[in-house]
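Each value in this text was obtained by applying a stated rule to the coordinates, not by laboratory testing. Everything numeric in this text was worked out from a predicted model, so none of it was measured. All Cβ positions, even for glycine, are placed from backbone atoms using ideal geometry, and neighbour counts span all protein chains on display.
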Amino acid sequence: MKHTKRILSVLLAAMMLLVCLVPAFAEDGAACNHTWIWTIDTEPTCGEAGVQHQYCPACGSTQNEGTEIPATNEHTWEWTVDAAATCGREGRQHETCTVCGKTRSQGTKIAATGNHSWNGGEVSRQPTCAQVGIMVYTCAVCGNQEARDIDKVAHADNDGNGQCDSCGISMATGNTGVSLKSIFDRVGNFFWQIWLRIQKLFTGEYFK
Ligand SMILES: [Zn+2]
Ligand SMILES: [Zn+2]
Ligand SMILES: [Zn+2]
Ligand SMILES: [Zn+2]
């Protein structure tokens with residue numbers, strides 16, 4: 001009887017130990033009905049792949065370590081000027097991603113500014129009364145040249161022959177010649193004097 005009691009108590013102790021150990025066995029993984037959750041180790045960037053693995057929160061097991069997450073390819077582009085444009089020459093630029101350093105659109109043109117720094121200009125052809133002159137301006141930065149007209153000069157009749165000394169045009173209506181207006185003035189005055197005499201005639205002054 002004493003012997004049987006001892007066996008029972010040992011059995012009971014063994015069962016209790018087993019009951020206590022069962023959850024431990026379950027957590028060991030063999031008995032877990034895993035719930036896999038993807039866990040990110042390294043976030044992907046626009047230019048570099050990320051890394052992730054699967055994790056079971058019930059038992060803490062992991063699998064698929066080092067699985068790649070593709071790069072997003074969503075770059076943040078910014079223009080970088082390789083050669084600045086000048087007034088007369090176009091420049092070059094390209095785009096660089098500020099996050100990963102990837103580049104694209106190499107050799108994109110920048111239009112020339114056109115803001116030349118013109119010098120005082122040199123007379124290439126003197127103006128006359130018959131033809132405009134030409135002034136040539138040169139850009140101090142790029143050497144571009146631009147021609148502009150110089151206004152014609154006025155006709156001149158210094159010898160008083162009624163013709164321009166330079167081009168020979170008749171200057172009867174010019175400043176130094178007899179103007180059409182002055183001819184009308186003279187004719188008008190002539191008739192006015194006659195009219196005054198006729199008036200005198202009829203007011204009887206003539207018969208005094
Ligand atoms: Zn699990
Ligand atoms: Zn990028
Ligand atoms: Zn220029
Ligand atoms: Zn002239």
**Prompt:** For Thr108, which sequence-distant residues (separation of 5 or more, or a different chain) have an amide H within less than 5 Å of its own amide H, given hydrogens modelled in the peptide plane?
**Reply:** Gln93
**Prompt:** Which whole-Hz couplings ³J(HN,Hα) result when phi for each residue of segment 133-147 is put into the Karplus expression 6.51 cos²θ - 1.76 cosθ + 1.60, θ = phi - 60°, listed in order with x for Gly and Pro?
**Reply:** x, 10, 10, 10, 9, 10, 6, 5, 8, 10, x, 4, 10, 9, 9
**Asked** Along segment 151-156, what does the Karplus equation 6.51 cos²θ - 1.76 cosθ + 1.60 (θ = phi - 60°) give for ³J(HN,Hα), rounded to whole Hz, x for Gly and Pro?
**Response** 4, 4, 8, 6, 5, 9
**Message:** Quick query: amide H of Cys100 versus all other amide H atoms, modeled in the peptide plane; which residues come in under 5 Å with a sequence gap of 5 or more or a different chain?
**Reply:** Thr76
**Message:** Which order do the peptides 32-40, 89-97 come out in when sorted by mean C-beta neighbours inside 10 angstrom, highest first?
**Reply:** 89-97, 32-40
**Complete:** Summed over the other residues with a beta carbon less than 12 angstrom from that of Gln54, with K and R at +1 and D and E at -1, the charge totals -2
**Request:** List, in order, the whole-Hz ³J(HN,Hα) value for each residue of segment 111-117 obtained from phi through the Karplus relation with A = 6.51, B = -1.76, C = 1.60 and θ = phi - 60°; use x for Gly and Pro.
**Result:** 4, 4, 6, x, 8, 5, 9
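Please arrange Cys59, Cys164 by how many other C-beta atoms lie within 10 Å of their C-beta, fewest to most.
Values: Cys59 17, Cys164 20.
With the fewest neighbours first, Cys59, Cys164 line up as Cys59, Cys164.
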